[in-house]
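What follows is one structure encoded as structure tokens, with my remarks underneath.
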Amino acid sequence: MSDHLPLAPVPVDEPISQGTLVQLDEEAKFLDRDLLSGGSPWRLLRLPGGSKSVAQRWVHGGRVGAGEGRFARTLVQQGLLHPVYPSGLDVDDVDVIIPVHDDVASLRALLASLRQLHVTIVDDGSPDQLSVAKCAKEFKVDLVRLDVNCGPGAARNAGVRATSRPFIWFIDVDVVMDNPLDVLARLQAHFHDPLEGAVAPRICGAPGDSVRDRFEHRFSPLDVGRRSALVVPTGAVSYVPSACLVVRRASYGEGFDESLRTGEDVDFVWRLHDRGWLVRFVAEVTVGHRARPSWGSWWRQRVRYGQSSSELAKRHGERLAPLRVDAWTLAAWSSALVGKPVIGLRIMNTARDQLRERLRPTTDDADQVARELVGRGMMRAGGPLARAVVRQFGAVVILCALLPKLRRRALLLYAFGTAWRWRSSRVHASDIPIAIADDAAYGVGLLTGAVTSRTLLALTPHITKSTLGLRQVLGLKSGPGKS
């Protein structure tokens, strides 16, 4: 379906304008005399000529100077540099589209905060269509009625077809905002870049008094992180939800895949990316999202998220792999888990030595750079790897714990993968059983989705190849004719 989205402008034809304020990504790091690491996905760049001094000038924010626009565009495209545009708001350029299915109370609360905007409600086959129509009339907004429930993707597409302004702001009825105009102004500013196709804020759970509300506030399934980033399928922020999403109409094309009831936002964002558009996550702008009203609906929501992976995998292949890891990184951490850390150290040392030899001809301190890259890379992989195993295959880990010989290691893995969720927040005792249930529901959905979709793509890890060979790890010399 990607052919039904327009192509983005060619990056080389759209340098960052002179005078634009830019800032280097906070996790970008300079190494040696002309190396820069970071980006999304992570990469190592060699900066030619005076490029390093230019990039260093942008560490804490600086302006793009004459002749620097193409270099700035290169770093922006790779997630290493972020333009900072002044907030601007023109409500006459924006159509707000709200899909709704019978939740009139939430719709009323949302509309009360959007009085200054051009709003179109799409009634997605609500049984009580009269109440939705009365609400639309009360707030003097446009209404599109679908006779049957077609799903959120179809509802959003219907809203887009009924409107014409250059920007589209999708908002779900259970989104909560203190100041929608400020949210819109800060998101809309990013469209100064002609390659920006969509921009999303951070979505946190709305505050509440129940145990479920408090958990959701800290660990909303729609919260994709604390750091702003370019959205890239294999990057640190791999997608953004459409619960609150501003889209450039010129990039929209035929929009959401209406055959997907869940995961349609992931599919849409990835297709935008594939057509060359930038999708940006702005963590500094935060909105709320109400938790499901009951434990049953909460559980079903998580299961549906897991189920969506298999249908998405049919469209996007290995992007939906439950694990993405280098073969030797997996081997190193597995060796530590089974009580053989010396193997992992051997792998790290060999990888470091190989990288050092590759860097030596062009790097002043190749040993330091190799230690930095291999050591940091290997250590940073451990937590996310354990988290992914528990999230996707927690049931298998628990089954392994039933076997006496595997019990201690399986429980250690499960505990580490579960606890990784709290790496940057305080642990509350009430969170622990909910977190376990959250992972269990997702895992159930992943398995049932694989069965109903008849594909194992979403259950198949993607193990990437390495330039590191087995003979090198074992310390064996190359055979005749081999290098």
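No value in this document is a laboratory result; all are computed from the given coordinates. All figures in this text were calculated on a predicted structure; none of them were measured in a lab. Here the Cβ is made from the backbone with ideal geometry for all residues, glycine too, and neighbour counts use every protein chain on show.
Compute the relative contact order of segment 21-84 as a whole-number percentage, counting only Cα pairs closer than 8 Å that sit 6 or more residues apart in sequence. Spell out each step's value before the answer.
Details: 85 pairs, mean separation 30.1, N = 64.
Relative contact order of segment 21-84: 47 percent.
Helix-only estimate, please: 222 nm mean residue ellipticity of the chain, summing -39500 (n - 2.57) across DSSP H runs of length 4 or more and dividing by its residues, to the nearest 500.
Values: 16 runs with 207 residues, N = 483.
After summing the helix terms and dividing by the residues of the chain, the value is -13500 deg cm²/dmol.
About its Cα centre, how strong a charge dipole does the chain have in debye, to the nearest 20, once Lys and Arg get +1 and Asp and Glu get -1 at the Cβ? Present the calculation step by step, with values, prior to reporting the outcome.
On the way: 63 positive and 51 negative charges, 490 e Å.
Here the size comes out at about 2360 debye.
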Looking at Ala112, Phe416, Gly125, which one has the Cα that reaches farthest to the positive end of the dipole of the chain (charges on Cβ: Lys, Arg +1; Asp, Glu -1)? Phe416
Student exercise, segment 296-407 dipole from Lys, Arg, Asp, Glu Cβ charges, in Debye to nearest 20: 620 debye
Counting only other residues whose beta carbon sits under 13 Å from that of Thr452, what net charge do I get with K and R as +1, D and E as -1? +3
What are the residues whose amide H is under 5 Å from the amide H of Glu196, where those residues sit 5 or more places off or on another chain and H is modelled from the backbone? Leu278
Once Lys and Arg are counted +1 and Asp and Glu -1 for all other residues with Cβ under 13 Å from that of Ser251, the total becomes +1
Charge dipole of the chain about the Cα centre (unit charges at C-beta), most positive-ward option of Gln368, Thr464, Val247: Gln368
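Would you mind working out the magnitude of the charge dipole of segment 13-100 relative to its Cα centre, with +1 at each Lys and Arg C-beta and -1 at each Asp and Glu C-beta, to the nearest 20 Debye? Please report the intermediate quantities before stating the final value.
Values: 9 positive and 12 negative charges, 146 e Å.
Once rounded to the nearest 20, the dipole reads 700 debye.
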So, counting K/R as plus one and D/E as minus one, what does the shell of residues with Cβ under 9 Å around Val104 add up to? -1
Counting other beta carbons within 10 Å of each residue's own, what order do Glu216, Glu138 fall into, fewest first? Glu138, Glu216
Among Ser242, Ser51, Ser430, rank each residue by its count of other Cβ atoms within 10 Å, from fewest to most, as a rough exposure measure. Ser430, Ser51, Ser242
Rounded, prolate or oblate: which one fits segment 121-197, using the alpha carbon gyration tensor with axes a ≥ b ≥ c (rounded when a/c is under 1.5, else prolate when a/b beats b/c, else oblate)? prolate
Listed highest first by mean packing, meaning other Cβ atoms within 10 Å per residue, what order do 264-271, 402-409 come in? 264-271, 402-409
